[in-house]
Amino acid sequence: MFRDRLDAADRLARRLESFKGQNPLVLAIPRGGVPMGRRLADALAGELDVVLVHKIGAPGNPEYAIGAVSETGSVHLDPAAAHFPSDAVEREIARQQEVLRARRERYTPVRPPIPPDDRVVIVVDDGSATGATMEAALETLQGRPSRLIAALGVASPSAASRLEALADEVVCLAIPEGFMAVGQFFADFGQVEDEEVIELLGE
């Protein structure tokens with residue numbers, strides 16, 4: 001469906017063109033959302049920063065997301081988290097918060113996060129399977145932007161539905177019924193490394 005993340009970003013930019021000239025703040029979810037965020041911010045003449053959130057993996061099965069945590073400390077847990085020992089979940093939350101603190105120090109070492117207050121804010125990611133990570137990002141921003149938009153290349157129907165309650169607008173290029181994984185909709189879905197994120201944020 002998409003050649004790569006930049007192809008998806010170009011398509012999102014066309015859908016969001018009405019915000020050009022309003023100096024939107026594009027907040028990318030690392031790491032896959034950052035190349036898209038750079039392209040989107042440039043196309044809309046806005047600013048780029050990251051919003052740091054990370055999935056909370058299930059104890060013993062880190063690939064299975066049971067929620068997400070943000071750098072501000074907010075935690076979103078799915079109902080599935082109740083099936084795991086609470087102390088193990090708390091340890092995973094603390095571990096992910098430390099990862100996010102270290103990422104902020106690496107990504108923007110010479111400046112604090114750009115304030116989103118009273119601005120058009122576009123939170124972008126390449127895609128969402130459960131909605132948990134994007135949900136956590138949107139929750140950290142509640143009440144601060146003048147308009148809050150979630151922008152994604154692809155999402156499952158359930159994820160897209162969950163996000164509508166937290167954003168003023170959800171712009172998702174594809175919401176396929178046969179969704180299995182984000183990567184299946186990109187011909188090139190290579191991993192984005194920290195070094196690339198740092199370079200893109202510094203441009």
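When segment 101-137 is filtered for residues that are among the hydrophobic types (A, V, I, L, M, F, W, C), out of contact with any strand residue (DSSP E or B) (no Cβ under 6 Å at 6 or more places or on another chain) and within 28 Å of Val154 (Cα to Cα), only Ala129 remains. Just one residue in the set Ala165, Ala136 is in a loop (DSSP other than H, G, I, E, B), hydrophobic (A, V, I, L, M, F, W, C) and not assigned by TED's automatic domain parsing to the domain that holds Ser70; that residue is Ala165.
Look at Ser70 and say whether it is crowded, with 20+ Cβ neighbours inside 10 Å, among the small types (Gly, Ala, Ser) and either assigned by TED's automatic domain parsing to the domain that holds Asn23 or without any contact (Cβ under 8 Å) to a residue 12 or more places away in the chain (or both).
Against the criterion (crowded, with 20+ Cβ neighbours inside 10 Å, among the small types (Gly, Ala, Ser) and either assigned by TED's automatic domain parsing to the domain that holds Asn23 or without any contact (Cβ under 8 Å) to a residue 12 or more places away in the chain (or both)), Ser70 does not qualify.
The set of residues in segment 1-34 that are in a helix (DSSP H, G or I) and within 18 Å of Ala155 (Cα to Cα) comprises Arg5, Leu6, Asp7, Ala8, Ala9, Asp10, Arg11, Leu12, Ala13, Arg15, Gly33, Val34.
When you scan segment 141-170, how many residues do you find that are hydroxyl-bearing (Ser, Thr, Tyr) and touching a Pro at 6+ places or on another chain (Cβ under 9 Å)?
Qualifying residue count, segment 141-170: 1.
Determine if segment 82-101 includes at least one residue that is under 23 Å from Leu163 (Cβ atoms), at pLDDT 90 or above, surrounded by 13 or more Cβ atoms within 10 Å (Cβ to Cβ) and in contact with a helix residue (DSSP H, G or I) (Cβ under 9 Å, 6 or more places away or on another chain). No, segment 82-101 contains no residue that is under 23 Å from Leu163 (Cβ atoms), at pLDDT 90 or above, surrounded by 13 or more Cβ atoms within 10 Å (Cβ to Cβ) and in contact with a helix residue (DSSP H, G or I) (Cβ under 9 Å, 6 or more places away or on another chain). Among the residues of segment 89-126, those identified as more than 22 Å from Glu193 (Cβ to Cβ) and hydrophobic (A, V, I, L, M, F, W, C) are Val89, Ile93, Ala94, Ile114, Val120, Val121, Ile122.
Go through segment 56-102 and give me each residue that's part of a helix (DSSP H, G or I) and among the acidic types (Asp, Glu).
If the condition is that a residue be part of a helix (DSSP H, G or I) and among the acidic types (Asp, Glu), then Asp87, Glu90, Glu92, Glu98 are the ones that fit.
For segment 162-182, the set of residues classified as free of Cβ contacts under 8 Å to residues at least 24 places away in the same chain and among the small types (Gly, Ala, Ser) consists of Ala165, Gly178, listed by residue number.
The values are calculated or read from the model by the stated rules, or taken from the named source; none is laboratory data. Predicted, not measured: the structure shown is a model, and the values here were computed from it. Methodologically, a virtual Cβ is constructed for each residue, glycine included, from the backbone with ideal geometry; neighbour enumeration extends over all protein chains shown.
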